[in-house]
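The values are calculated or read from the model by the stated rules, or taken from the named source; none is laboratory data. All figures in this text were calculated on a predicted structure; none of them were measured in a lab. Note that we place each Cβ from the backbone using ideal geometry, even for glycine, and neighbour counts take in every protein chain shown.
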C-alpha cells in the first residue's frame, strides 16, 4: 500500500496531492490510503473546483474517483497523528508519502528528524533524487558550526551504507560515489582546514564494503560542476544542507523527491515546503508529487 499523510492545513500539501491523484491510473489510485482530515479534503476540493463526496468513513469521492481514507485520530495535532497512524500500518513492502509540514506541526522537528527519534536511529540519511541526479546530505538541519564535529568515520559510513543500499534496492545500480569537501577548495592540502581528513578513512572502508563502486573525493565544491555532470548512476555526497541542495533545486526545479532510506519501509516526500501564500488560490504546482508518483511506478514495476 501507499500511505499518504496529511501535511500542514496552512500549506499546499492536500492541493498538490489531489491534483496528482486525479491524474493517476486506476490501479495506482486503488493502492493509495490517505490519512488526515476529511474537512481539509473537502475544503481543498471546494477551492480547486473538484467534486467531493463522503462515500463512507473509509472512502472519499473526488470527481467520482474513490480515495481510500483513514481519519486522523487527533485533530489538534493532525500532522503527527496522521504520521503515527501511518507508521503503525506500514509494512516493508509499503511506501510512506508525507505531505509538506511546518516545523511547529512536527513538534519542532522536520519529518526526517522526527523519524530518527522515533526509530532511535541518528544515521537515517536525507537523500534527494531527480531525473538525472542522486544526492545525499551528510548533515542536514543543523548549524554550520556543528557540521565538522558531526563528521566522523562511522557517521559517514553508516549514512553511505543506507543511501547506497537504498538507491540500488529501489532505483538503479550506482557506479560512482563522489564526495564534496567541507572547506573552500576541499581544504587545499590542509592550508584551508583539515576537516577533510575524515573522508579518506571513510572512503577506504567504503571501497571494501562496495567494491563495484568507484569512490572519489573529497572534491572542491565550487568547481565541481565545471568537470562533472549530473548522472543517474552516480551519488553525490554533500557535506551540509546548503552546499549542493541549492544547485540541485536550481537545476531541477520541482522535479525532485526527498527520500528517507534505512526505515523498515520507503519514505518519500516532495522537495518543497508548505507555500502558505498559495493556500486557497488553486495555484499550487503538483509537478514534484507527480514526479514522486512516477518513481513509485518504477518501484512497483520492478517488484
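Overview of results
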| quantity | calculated |
| --- | --- |
| Those residues of segment 117-131 which are within 16 Å of residue 166 (Cα to Cα) and surrounded by fewer than 20 Cβ atoms within 10 Å (Cβ to Cβ), in sequence order | 121, 123 |
| Single unsatisfied condition, residue 99 versus (1) surrounded by fewer than 15 Cβ atoms within 10 Å (Cβ to Cβ); (2) touching a helix residue (DSSP H, G or I) at 6+ places or on another chain (Cβ under 6 Å); (3) touching a residue at least 40 places away in the same chain (Cβ under 8 Å) | (1) |
| Filter pass, residue 16 being under 17 Å from the mean Cα position of the chain (by Cα), buried (at least 17 other Cβ atoms within 10 Å of the Cβ), at pLDDT 95 or above and in a helix (DSSP H, G or I) | yes |
| Qualifying residues in segment 245-289 (those that are under 14 Å from the mean Cα position of the chain (by Cα) and assigned to a helix (DSSP H, G or I)) - the one surrounded by the fewest Cβ atoms within 10 Å (Cβ to Cβ) | 249 |
| Segment 48-82, residues that are touching a residue at least 60 places away in the same chain (Cβ under 8 Å) and surrounded by fewer than 18 Cβ atoms within 10 Å (Cβ to Cβ) | 49 |
| Members of segment 135-159 that are touching a residue at least 40 places away in the same chain (Cβ under 8 Å), outside any loop (DSSP other than H, G, I, E, B), over 16 Å from the mean Cα position of the chain (by Cα) and over 18 Å from residue 113 (Cβ atoms) | 148, 153, 156, 157 |
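Residues are listed down the side, and each one gets a yes or a no for (1) outside any strand (DSSP E or B); (2) surrounded by 14 or more Cβ atoms within 10 Å (Cβ to Cβ):
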{"residue": "167", "(1), (2)": "yes, yes"}
{"residue": "179", "(1), (2)": "no, yes"}
{"residue": "195", "(1), (2)": "yes, yes"}
{"residue": "203", "(1), (2)": "yes, yes"}
{"residue": "226", "(1), (2)": "yes, no"}
{"residue": "232", "(1), (2)": "yes, yes"}
{"residue": "243", "(1), (2)": "yes, yes"}
